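The values are calculated or read from the model by the stated rules, or taken from the named source; none is laboratory data. Note that this is a predicted model, so its numbers are computed, not measured. Quick reminder, even Gly has a Cβ in these numbers, built from the backbone with ideal geometry, and neighbours come from all protein chains shown. Heads up: the accessible areas ignore ligands, DNA and RNA and are worked out on the full protein's heavy atoms, side chains in. Shrake-Rupley method; radii C 1.70, N 1.55, O 1.52, S 1.80 Å.
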Amino acid sequence: MVASRSRRSVLAVPGSSPRFIAKARGLPVDAFFLDLEDAVAPAEKDAARVAVVDALNEGGWDGRLRTVRVNALDTPWTYRDVVAVVEGAGAALDCLVLPKVTGPDQVRWLDLLLTQIERATGLEPGRIGIEAQIEDARGVSRVDEIAAASPRLESLVFGPADFMASVNMRSLVVGEQPAGYDVGDAYHYVLMRILMAARANGLQAIDGPYLAVHDVDAFRRAARRSAALGFDGKWVLHPLQVDAANEVYAPDQDDYDHAERILEAYAHATEVERRGAVMLGAEMLDEASRKMALVIAEKGRAAGLQRSDPR
Ligand code: GLV
Ligand code: MG
């Protein structure tokens, strides 16, 4: 079962910046992550941990998914990040984001460390989830094992910036198509690998950032591509990108109403009339139609949509 928490817009917030943290409180995103990794300079890592713990404990995040991105396991910082954040603010934290995941052992390491901290501090066992960033050739080549590594996993997240560097992709505009490749979407393969691994393990699939933050039309174009494939949301870096992400990754109102009508008609057919196939207007419905409708209905409900059609 794909986790039903809404992650249409996932806001990146540098953990060392009180100004950005304060701004983030006012933005209508579904989720945010306070960053201890690439948006924080090495000399600021210690101070950022303290700022992140304070920001979580101070609250004011009403209903949004609260996550923190720790440093990758090829640095000396990861274990301190996890211990400081979870001991300091575990009750105010929903997930940890683990970047640059290259294999399932890294996810298991984080799962075990979380379990130890929960036991030592009396936090509810297993409540804190894990989001794994897939952002280099090694991560992509082991994405199926990574996706199955822990029951704490909630999502796989594409990291286009690190990925482009890892495969020598010829573009410096993160999330944009590389010039010279004009026969399709240069990210299609990796997005589909991530999506298949996520869906095979009941996880959400989240698209990464688009760095030309003032070009909202270009952001929308990139977001529409992954949303069309089935992705659940995308990172946002700037207030201008928030509404676009919330809109693109939610089903539109007509599709949502239609999906709820299919569920109603099919439930009536199977439960009351005991039939496996039924007509809804000119459309024939069967069990596969119910599953497709359920995906759209659940996304719509998670995004707060209400039925607008007469019943
Ligand atoms: C995000 O972490 C990225 O590398 O794009
Ligand atoms: Mg990255």
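Look at ASP182 and say whether it is out of contact with any Gly (no Cβ under 6 Å at 6 or more places or on another chain), part of a loop (DSSP other than H, G, I, E, B) and open to solvent by 70 Å² or more (accessible area, probe 1.4 Å).
yes
Given the residues VAL183, VAL140, which is the only one that is touching a residue at least 12 places away in the same chain (Cβ under 8 Å) and not aromatic (Phe, Trp, Tyr)?
VAL140
Among the residues of region 70-88, is there at least one that is within 16 Å of ligand 2 (Cβ to nearest atom), within 16 Å of the chain's Cα centre (by Cα) and over 23 Å from TYR189 (Cβ atoms)?
Yes, region 70-88 has at least one match.
Name the one entry in GLU124, GLU118, GLU145 that is modelled with pLDDT of 95 or more and assigned to a loop (DSSP other than H, G, I, E, B).
Matching residue, one of GLU124, GLU118, GLU145: GLU124.
For the structure I just gave you, tell me whether ARG170 is open to solvent by 70 Å² or more (accessible area, probe 1.4 Å), within 16 Å of ligand 2 (Cβ to nearest atom), farther than 28 Å from GLY90 by Cα and assigned by TED's automatic domain parsing to the domain that holds SER226.
So ARG170 does not fit the description; no.
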